[in-house]
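What follows is a set of notes on a single structure, which appears directly below.
Any read-out appearing in this document is the output of simple, stated calculations on the displayed coordinates, not a laboratory observation. The structure presented is a predicted model; accordingly, all values stated were derived computationally and were not measured. FYI the Cβ positions are ideal-geometry reconstructions off the backbone, even for glycines, and counts take in every protein chain you see.
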Amino acid sequence: MNPFIAWLSQLSSFASTPAAWGIFLTGAGIYLIHEWRVRFLILVTQYFLIGILFARVFDTRPEMALLKILVGWLVCGAFLISAHVRGRTRGQADSRFHWSSNLPFRILSLTVMTVVAYLASQRYPLPFVSADLALACFILIVLAVLFIGTEENDPLVMGVGILNLLAALDIFYSSQDPGLLVTGLLVMVNLLIGLAASYLTVVEVAE
Amino acid sequence: MTIPGPVILIGVPLAVAAVLQILLRRWTLLMALLAALTALFCGLLVSFTPLRDIVPSGTFQIAMEQPLNVLGRVLVIEPVDRLPLTFIFGTAAVLFVIAWRLLPHSNFFPAGLAMVAMLAGALMVKQVVYTALLVEIAAILAVFPLHEPIGAHYGRRAKGGARYIAYVTLALPGLMVTQLLLELFAIFPNDTALLQAATVLLGLSFAILLGAVPFQAWLSTVATDGSPPVVTFLFTVNLGTVWFMLLAYLESYPWLGAQASFKSLFTTVGLLMMIIGGSLAASQRRLGRLVGYATLVDNGAMFVALGTWQISGVALAVMMLLARPLALGLMTMGLDGLRRLGSGDDTIETLEGAAWRAPWRTIAFIVGGIAMAGFPLSLGFAARWGLYRIVSAASVFQAVLALAGCAGVMMGVIGMLRVLLMPLPKSASQRRQKEDWVVLILIVLLIGATVLLGIFPQSVSQIVLEMAEGFTFFTS
């Protein structure tokens, strides 16, 4: 077995709950920080954490988790390039670190939604999924709702939201039916959404 | 060697799409011709070949009824799939011809073929989860031509495409989890709570996919921001597939149709869509949005027709769906030309007096609008008239509400016509738009077909009645 896959598999056996909260922190980072190079690094981390959870789902085939991570990182790369093109076209040469606008509102909505996700995972346990995976699913859904609901004018962040929703669905569904065909189709959907979000970002500014 | 029918219906469009995308993007005529011929070939093959026959094709033989097995998942053409498959391939072929002059060098042709292949797969595969994923892939593919920057006349606001993907993805969990619940129900057949949960999830997912109230926001945004021919493709081929999926599920899963609340739910949701869509259409100040809200009303009318829970209701719903490509095709060609006048802007302030500069595009938009509103002379009118008659037999009030929704769209169309016929502002260019003769011929052909089918709707009504007789879910 590939050493990285073996390490990922070992890591997933004890780090699933921290990975779930790590996903929340990375999501919060993307939501609160308005600088795509930082967001890119955070998103890469988020996909690694999602990969840890997938290693638990695909415990007999951890290479599938690696596939999910690689696909996620490919999408991250596409997002970074699109954000760079957008920034250059709009003449935003200044790419210093800065927080997103409406920061207090964002912090408040993030806090409220996190509480909702935590309480939902306690009160409505998902069938056939362990508690840590269920928590991760709820956190990903909440992040998706935040991104899709409040960042509609930014196709990239919206794309991240859609991918988060798909990741939650993928974790939940693959826990019951880890079939190759569904996994393959979901990988394809992930890649296409990444491409579409990047395309929309570039098209929007190409005036 | 025998090739299963599904391989042809999915493989041929995908192969041609790859060739178009890689080799032929420079030649629009060739792309349009190949795309239209491919779609037409698939449509004719599925429509006229008896399913049990084996079609000889050189060294190969095509067995239409033979299932295709992909990793244990089966794709098969059943008799009930023939009209839906013919509809999506036929509509795609017509739209490729329309797009020939409207979208030069566009990726609409390869993307459209790939989409129609995915949607055909969605209709032929029998598990909900794969259907859902194939519809999702088709939706994502639609975004590329929807916001393709062609010339200066198409807006590049990407909100429509992003919102469309978001909504279709929101519908995905419901459909996928339904599959899990159905598998669980097969193990625990006494647990009816599983079926109730599946019903709710399936209903919610279809409401999102069909733009039912309160999930209608994507319809108007897509219509406003997107390229008109691609919007028409989405509203006819993609939405048509979802409608046929809904009918197929109601038929395949008797427990779904047996839910007592469905009948009133369909009627209520449908009437809400018609009233809200009609009100919004009547007060619209943008042509694109009018197209979106007219589609919302049309979808609402289809829900009301299904809510009658009668064979004629199903026939009317399918008839409305068959009438839509003609009406929306006309609106598309009108909208395209009028947007060109406004350099991508389709607000009424920009288009005052546009009828004097682009008379044929104005006629196309108005005739298409009248047909979408379900007013004479159009196939839509025959379907809506039948709907009012069936609904009024149960409740006159509901029939009046349905009529009011359609009247709202008609008021929107008349409002637009009034603006388009205003005297040209002095500051505006007085020069008449040079009309492409191919577009002109297409407009005349579509208007002719709309009026002809409006006068003689029997040919279509016979086909849809025969198809509707295959559905028995409302008798349970």
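Odds and ends about this structure:
- Taking every DSSP beta bridge that has both ends in chain B, the antiparallel portion is near 75%.
- Local electrostatic count, B:Gly257, Cβ distance below 15 Å [Lys/Arg +1, Asp/Glu -1]: 0
- Classified by the C-alpha gyration tensor, the range A:57-169 has an oblate form. Its axis ratio a/c, with a ≥ b ≥ c, is 1.5 or above, and a/b does not exceed b/c.
- Cα centroid separation - the range B:115-176 against the range A:135-207, whole Å: 13
- Bins of 5 Å, starting at 0 and running to the largest distance - Cα pair percent for the range A:127-207: 3, 16, 21, 21, 18, 11, 6, 3, 1, 0
- Extension gain, B:Glu466 to B:Ala197: 0.36 nm times the residue separation minus the Cα-Cα distance gives 93.5 nm.
- DSSP beta bridge pairing in the protein assembly as shown, given as percent antiparallel to the nearest 5: 75
- Hydrodynamic radius of chain B per Kirkwood, over alpha carbon pairs, in Å: 22.5
- Its Cα gyration tensor gives the range B:261-476 an equivalent ellipsoid; the semi-axes, largest first and in whole Å, are 34, 19, 12.
- Average projection area in nm² (convex hull over Cα atoms of the range A:3-205, one quarter of hull surface): 11.0
- Note on B:Met302, B:Met422, B:Met410: ascending count of other Cβ atoms within 10 Å places them as B:Met422, B:Met410, B:Met302, the fewest first.
- Exposure proxy ranking for B:Thr472, B:Thr224, B:Thr232, B:Thr347, based on other Cβ atoms within 10 angstrom of each Cβ and starting from the fewest, stands as B:Thr472, B:Thr347, B:Thr224, B:Thr232.
- Gyration tensor verdict on the range B:409-449 (Cα atoms; rounded if a/c is under 1.5, prolate if a/b is larger than b/c, oblate otherwise): oblate
- Proxy reagent accessibility, fewest Cβ within 10 Å first, across A:Thr89, B:Thr308: A:Thr89, B:Thr308
- Shape category assigned to the range B:237-343 from the gyration tensor of Cα positions, a/c cut at 1.5: prolate
- Summing charges over neighbours of B:Thr2, with a neighbour being any other residue whose Cβ is under 15 Å away from its Cβ, gives -1 when K and R count +1 and D and E count -1.
- Listed residue (A:Pro125, A:Gly184, A:Val160) projecting farthest to the positive dipole end of chain A, Cβ model: A:Val160
- Per-residue ellipticity at 222 nm from helix content only, as computed over the protein assembly as shown with -39500 (n - 2.57) for each DSSP H run of at least four residues, stands at -25500 deg cm²/dmol.
- For the protein assembly as shown, the alpha carbon convex hull comes to 172 Å³ per residue, rounded to a whole number.
- Kirkwood Rh, Cα atoms: Rg over Rh of the range B:120-243: 1.06
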